[in-house]
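Single-structure report; data block below.
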Amino acid sequence: MKRASLWPILIGIAVGFATLGIILATAVDSPVADDFAVLASRNLGLPLPNFKRTDMPRDTFGEIRADGKPHEATDIMAARGTPILAIGDGTVTKLFYSRFGGNTVYEFDPQQIYCYYYAHLDGYAPGIGEGMAVHKGDLLGYVGSTGNASPDAPHLHLAIFRLGPLKQWWVGTAINPYPLLMKTLDQQR
């Protein structure tokens, strides 16, 4: 009696696992087709308490700055010292002082697909640190005018970007936060 070879079965199993690995890798590493829909489905919060439309009278995302680069963020005017709240769950990946953004917070979402970037902070919340888990509404810091912001115009510079495959906090594709904030305000009516 001849024994059946197990090789076809083993090869079939190996091909199945390889295919599953490719599908999973593609799902995790591919750019998201519709970032707005994905982010809107997360029910993001507002970055300031008592936030209203008049704090953000226009969409500043596409404006060209003095250095010739697009703004790629939304500026929200507020009194110096106003609390800045996490707009979603995630991890504080980087606290950083830069010449342009001043005191900044980089927060990665739990899936490490998106980064929420908060800039021009007057200071950080007590106890906040890199690697710390945060939840929507947690205190991150306070509105200010550090970096290249005018001292007479304290505001929060809020940016959202899709991270690249290397998950670097300083690299990504900008996504306009303005329509997401407007959607959140509309839902609160």
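The values are calculated or read from the model by the stated rules, or taken from the named source; none is laboratory data. Being a predicted model, the structure only gives us computed values, none of them experimental. When we count neighbours, we look across all protein chains shown, and the Cβ atoms used for this are built from the backbone with ideal geometry, even at glycine.
Descriptive notes on the structure:
- Condition broken by ALA125, with the remaining ones in (1) in contact with a Leu (Cβ under 8 Å, 6 or more places away or on another chain); (2) under 30 Å from ALA37 (Cα atoms); (3) free of Cβ contacts under 8 Å to residues at least 60 places away in the same chain; (4) small (Gly, Ala, Ser) satisfied: (2)
- Criterion violated by ARG99 - all others in (1) farther than 15 Å from ASN148 by Cα; (2) exposed (fewer than 15 other Cβ atoms within 10 Å of the Cβ); (3) touching a Gly at 6+ places or on another chain (Cβ under 7 Å); (4) not hydroxyl-bearing (Ser, Thr, Tyr) satisfied: (1)
- Residue within region 126-145 that is surrounded by 14 or more Cβ atoms within 10 Å (Cβ to Cβ) and modelled with pLDDT under 95 present: no
- Top-ranked residue of region 138-189 - restricted to ones that are in a strand (DSSP E or B) and among the aromatic types (Phe, Trp, Tyr), ranked as nearest to TYR106 (Cα to Cα): PHE161
- Count of residues meeting criterion [surrounded by fewer than 16 Cβ atoms within 10 Å (Cβ to Cβ) and out of contact with any helix residue (DSSP H, G or I) (no Cβ under 7 Å at 6 or more places or on another chain)] in region 146-173: 11
- Of the numbered criteria (1) closer than 23 Å to THR173 by Cβ; (2) free of Cβ contacts under 8 Å to residues at least 40 places away in the same chain, the one ASP152 fails is (1).
- The number of residues in region 51-68 that are among the charged types (D, E, K, R), surrounded by 10 or more Cβ atoms within 10 Å (Cβ to Cβ) and farther than 11 Å from MET182 by Cα comes to 3.
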